[in-house]
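Read-outs throughout are calculated quantities, based only on the coordinates presented, and are distinct from any laboratory measurement. All figures in this text were calculated on a predicted structure; none of them were measured in a lab. Cβ coordinates were reconstructed from backbone atoms using ideal geometry, including for glycine residues, and neighbour counts include every protein chain displayed.
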Amino acid sequence: MSRDESEMKRGLIAYLQGYGGNNLAGLSAIAACGAWAALAARESERRMAQFIESLPLDEVQAIANSKVNLNELASKVLGELSTESPPMAMPQLSEAAGQAIENIGLEILDVESFELRRIRSKDYREIPVWTLWRALRAAYLAGMVDHHRNG
């Protein structure tokens, strides 16, 4: 289920290239920082804590009191999932489908660009569920049209 080391490095390099293309000073600071292992350990703990926060209180208490072993449960589920058939490959979008997604973003979601801008108000936003539903419906219909065009 986990990625191998070379795949992780390729992903990190690609991310750093994108980041550095927009922020050379930031990339220089990343290169000079010597605390990445400690920062990553804290981030890992924070993410695990977020998972725990999403659970109902009685489940959290059962884990805290060792009545439920989350490691065992996760390992069991992981084993079950790894025996299932692999997920389907992601099909490539046609140019028309990509343009349809851009249009849906602009016209329905009021998203000017899908490029990372590193501006919180541009990269993150609240979207009402009914607007999200309209966007998903439009994307589904655009996909159906694209599929019938391209067979």
Original post:
Amide H to amide H, which residues 5 or more places from Val68 or on other chains are under 5 Å from it, using H placed in the peptide plane?
Top reply: Ile63
Original post:
Can you tell which of Ala96, Ala40, Ala139 shows the greatest fluctuation in a Gaussian network model of the chain with Cα springs below 10 Å?
Top reply: Ala40
Original post:
Taking the convex hull of the alpha carbon atoms in region 95-150, what volume per residue do you get, in Å³?
Top reply: 68
**OP:** Enumerate the calculated ³J(HN,Hα) couplings along region 24-40 in order (Karplus 6.51 cos²θ - 1.76 cosθ + 1.60, θ = phi - 60°), each rounded to whole Hz, writing x wherever the residue is Gly or Pro.
**Re:** 4, 5, x, 5, 5, 5, 4, 5, 8, 5, x, 10, 4, 4, 5, 4, 5
Subject >> Dimensionless Rg ratio for region 54-151, taking C-alpha atoms and the 2.2 N^0.38 Å reference >> reply: 1.64
**OP:** With a bin width of 5 angstrom, please list the P(r) values of region 35-86 as percents of all Cα-Cα pairs, from the 0 bin to the one holding the largest distance.
**Re:** 5, 16, 16, 19, 18, 16, 9, 1
Original post:
Using θ = phi - 60° and the Karplus form 6.51 cos²θ - 1.76 cosθ + 1.60, what ³J(HN,Hα) does each residue of region 59-75 get, whole Hz, x for Gly and Pro?
Top reply: 6, 4, 5, 5, 5, 4, 8, 6, 7, 10, 9, 5, 4, 5, 4, 5, 5
Original post:
Any idea what the relative contact order of the chain is, in percent, if you count C-alpha pairs under 8 Å spaced at least 6 apart?
Top reply: 16
Original post:
For the chain, what does -39500 (n - 2.57) per DSSP helix run (n ≥ 4), summed and divided by total residues, give at 222 nm, in deg cm²/dmol to the nearest 500?
Top reply: -22500 deg cm²/dmol
Subject >> Cβ charges +1 (Lys, Arg) and -1 (Asp, Glu), total dipole of region 44-148, debye >> reply: 240
